[in-house]
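Each value in this text was obtained by applying a stated rule to the coordinates, not by laboratory testing. Since we're looking at a predicted model, the values are computed, not measured. Cβ: placed from backbone, ideal geometry, glycine included. Neighbour counts: every protein chain shown.
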Amino acid sequence: MEYNNVSPILGFENHKELSTNFQPFALSYSAAFPEILHKLNATLAISTYQAGKVIFLSALHEAKLIQLPRSFKKAMGIAVEDEKMLVACLDEVILLKNSRELAFHYPKKPKTYDSMFLPRLTFHTGAIDVHDIDFAEGGICAVNTNFSCIIRIDEEFSFTPIWKPDFISKITAGDRCHLNGMAVENGKIKYVSAFSQTDEPRAWKANILESGVLINYETKEVEWEGLSMPHSPRVYNNKLYVLTSGDGGLLEIDPVSKEKKTIIKLDAFVRGLTIHEGLAFIGTSKLRENSSTFAHLPIAKKALKAGVSVVHIESGTVIANLHYNNSVDEIYDVQLITEKRRPSILNTITDDHKMGLSTPDNTFWGRKKES
């Protein structure tokens with residue numbers, strides 16, 4: 001293998017970058033969607049474990065979106081902090097780091113991207129069903145749904161449990177309460193969401209519509225009960241926001257007064273939330289027709305397409321929508337990548353990422369030796 005500074009790769013097929021004119025992953029969107037992303041100077045990242053993709057949605061200009069789907073096995077939680085990104089997958093967590101220089105000189109599409117997230121570390125966790133993940137508590141923390149606990153992920157073990165709800169008697173496999181969401185503020189975990197307070201394998205399935213809870217991470221107190229399948233708790237402007245997937249709701253909660261109010265209810269199974277400049281980007285999913293757990297939800301007949309809705313929080317109105325016409329049925333996470341108008345991402349499934357090298361002082365793209 002030879003390495004030259006910003007030299008072209010030879011012998012690799014070009015990847016397909018998909019927009020509304022390509023199949024699959026055909027989508028439709030309201031005119032305001034690209035306008036919003038363009039004005040925010042940001043790209044939206046969504047994960048779909050059903051399709052096994054992390055998808056970047058960028059605005060080419062104020063009137064056109066372009067998307068970049070990249071394969072990650074059972075992609076779940078995404079976290080973005082400065083120039084780093086985490087992706088939780090089927091049995092591993094991948095840490096990626098941005099390189100603007102490698103992006104600019106990417107041999108397959110030079111002078112196209114303003115940033116590029118490349119894999120730097122892979123943590124082999126095993127199939128523990130990681131849901132939300134974030135840079136928190138001085139390291140990498142995640143919700144281990146199978147073992148009903150919050151974990152630290154590092155090089156020492158498959159995972160290190162650091163917290164569990166008081167109603168969970170022991171840390172063992174079985175998805176006892178469907179612990180799923182984690183709200184982080186200034187690097188500290190604040191709240192955790194679960195479907196129930198049960199302590200037997202998959203016992204949470206008995207009463208999913210009104211048994212959900214939000215738990216204070218520091219005190220372990222269950223502060224809000226009776227929620228309909230809570231997902232994606234987030235702290236924004238000193239308020240707590242959470243999606244109630246069972247009824248399509250976005251709730252705003254005052255942590256001081258404990259009062260909660262419904263901002264909006266969407267005709268969708270909602271999961272995946274990020275908030276920026278007063279706008280809530282909410283992932284919407286279809287419900288699995290063969291799911292014995294979710295098929296009979298009141299929202300089931302309305303949740304017909306997967307996509308993203310943008311809600312103006314102050315007015316409680318939807319100002320933009322995006323829907324997939326095929327390929328994507330379920331979305332797990334939604335994250336905004338700020339100050340990056342058109343980023344790219346490479347996975348560990350293909351060899352492309354092995355060709356890009358970075359050092360503290362330089363970057364290199366490799367090319368195969370000609371025989």
Could you order the peptides 81-89, 267-275 from most to least packed, using the average number of other C-beta atoms within 10 Å per residue?
267-275, 81-89
Packing-based ranking, highest mean first, of 354-367, 234-247 given that Cβ atoms within 10 Å are counted
234-247, 354-367
Exceeding the 21 Å Cα-Cα cut-off - candidates K109/K354; K64/K84; K190/K340; K73/K108; K170/K220; K53/K164:
K64/K84; K190/K340; K73/K108; K53/K164
Note the listed values [x] 64, 48, 40; [y] 96, 49, 40; [z] 69, 53, 38, then indicate which one is Cα extents along the principal axes in Å calculated from this particular structure.
[x]
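Quick check on the chain: helices-only [θ] at 222 nm, where DSSP H runs of length 4 and up contribute -39,500 (n - 2.57) each and the sum goes over total residues. Nearest 500, please.
-1000 deg cm²/dmol
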Separation of alpha-carbon centers, the range 162-214 and the range 303-371, rounded to whole Å
29
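Can you tally the net charge around N41? Count Lys and Arg as +1, Asp and Glu as -1, for every other residue whose Cβ sits under 14 Å from the Cβ of N41.
Net of charged neighbours comes to -1.
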Of the candidates F117, V308, T338, the farthest towards the positive dipole end of the range 2-367 (Lys/Arg Cβ +1, Asp/Glu Cβ -1, centred on the Cα centre) is V308
When the charge dipole of the chain is computed with +1 at the Cβ of Lys and Arg and -1 at the Cβ of Asp and Glu, the Cα pointing farthest to the positive end, of V143, P298, V235, is that of P298
Total formal charge among the other residues, if their Cβ is under 13 angstrom from that of H124, Lys/Arg +1 and Asp/Glu -1:
-4
In nm, to one decimal, how far is the E314 label point from the R120 one, both placed 7 Å along Cα→Cβ?
3.8
Give me Rg/Rg_expected for the range 56-105, where Rg uses Cα atoms only and Rg_expected = 2.2 N^0.38 Å with N residues.
1.35
